[in-house]
Each structure stands twice: as structure tokens, then as C-alpha cells.
Amino acid sequence: MEMNSGSDDAVLLERIRRGDTDGAAELFERYAPALLRFTDRMLSDRASAEEVTQEVFLKVISRAHQYDGRAGVASWLFAIAANACRDRRRRERRAAVVPLESVAEPRARGEGVEATIASRQRREAVREALADLSEEQREALVLARYHGMPYAEIAKTLGISVGAVKTRIFRAVETLKARFSEGETSWTAAT
């Protein structure tokens, strides 16, 4: 994940605090794709992920005054997204169980039908395995593996220690290794 200059992000937040909607639009353009990937991996449902990502930016607009600068703006945004995903899953568990849906991903050029099907099956197996992890393990692993966040930044984002981040990621990887050692699918090949 490419992080933008923290001072640029802080300037955008200050513009949002003053009611400048262009600042919100710039922040959205900068972070929406990464937040959408994160929420999609956390919720395993593209429509819900899109809604949650939009909710994140609505919260940013209404709560820009709450940003205290202790963590980077990107970490603050991911923390809001993680909390929104937790809230969504809690509401869905109370309402009904939502099946995992596959995210449409572009087919690589020259990739044959068999390779496309095998790749889709690997991705789905990884999605299912990620969904079976504890919420805490999944959050830490997705932020590290898919968003390239350093452990210290993940710790700030999730409000935990770096040691706790390492433990969660280690346990998640061990769980995934055990799950995939039973079959032929490698979780690293499908991510």
C-alpha cells in the first residue's frame, strides 16, 4: 500500500474540519481503493465492503475534529474501517448468516480456462480460510499481507502492542498453513 505524506493527509483533514468538501474528495480518492480491498477481505462481500467504505468516509467528514494526530491518517482510516467491519459483522450475525461471495478479479492475459478456474478456486479457498480465522487474526494478517502495513502501524491502527500484532499474525499463518497442508492449495500462491 502506498502511503501518502502524513502532512498532506493532515492538511486534507484540516480542510475537512473547515467544511471543504474538496479535501474529503481528495482523501477519498487517495484511500478508497485500499480501504475497499481491506473491507472486502474482512467482510467477504463486495456490496457490504462498498457500503462500509462509504460509511468510513462519512464518519471521517463528521468526525474529522476527533483526529488527534497520534497515528497517521491512514492508520486512523483503517481503524475506522476495522471498527465498521466489526459492527457490520455483528449486525449480520444477529440478522442472518451471509454466504461468502467471490470477488470478480480480472483475468490475466493469455491465461487459459483451466488456469483461470484453478486460480479462482485458490482465491476462494483463501477467502474461506481467512473467514475462518478469528476477527483479530484476520485484521492483523490482512493489514500486513495485503496492505503492506508495518507491524508498528498495525499496532496503532488496532490499538494493540506490536507484540500482540506479531502473535496474531503468527497464529493466523500457522492456522492457514495447517489448513492448507491438508490439501494441495497454497494460501500464499492464491493471495
Please give the length that would be gained between Glu128 and Ser7 if that part of the chain were fully extended, namely 0.36 nm times their separation in residues minus their C-alpha to C-alpha distance (nm, one decimal). 39.7 nm
Excluding Ala24 itself, calculate the net charge of residues whose Cβ lies under 15 Å from the Cβ of Ala24, where each Lys or Arg counts +1 and each Asp or Glu counts -1. -2
Between Ala47 and Arg86, what length in nm is gained on full extension when 0.36 nm per residue of separation is reduced by their alpha carbon distance? 12.5 nm
Please compute the modelled spin-label separation between Lys177 and Arg94, points set 7 Å along Cα→Cβ, answer in nm with one decimal. 3.9 nm
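Taking loop as defined by DSSP and a crowding limit of 10 other beta carbons within 10 Å, which GluC sites (Glu not before Pro) in segment 1-68 fit?
Working: sites: Glu2, Glu14, Glu26, Glu29, Glu50, Glu51, Glu55; in loops: Glu2.
Sites meeting the loop and neighbour criteria: Glu2.
Give me the extension gain from Glu55 to Arg18: residue separation times 0.36 nm, minus the current Cα-Cα distance, reported in nm with one decimal.
On the way: separation 37, 0.36 × 37 = 13.32 nm, distance 2.00 nm.
Here the answer is 11.3 nm.
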Against the 2.2 N^0.38 Å rule of thumb, the C-alpha Rg of segment 112-191 sits at a ratio of 1.19
Segment 1-101, Rg to Rh (Cα coordinates; Rh as Kirkwood inverse mean 1/r): 1.00
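Each value in this text was obtained by applying a stated rule to the coordinates, not by laboratory testing. Not measured: the values here are computed from a predicted model. Positions of Cβ are backbone-derived with ideal geometry, glycine not excepted, and every protein chain shown enters the neighbour counts.
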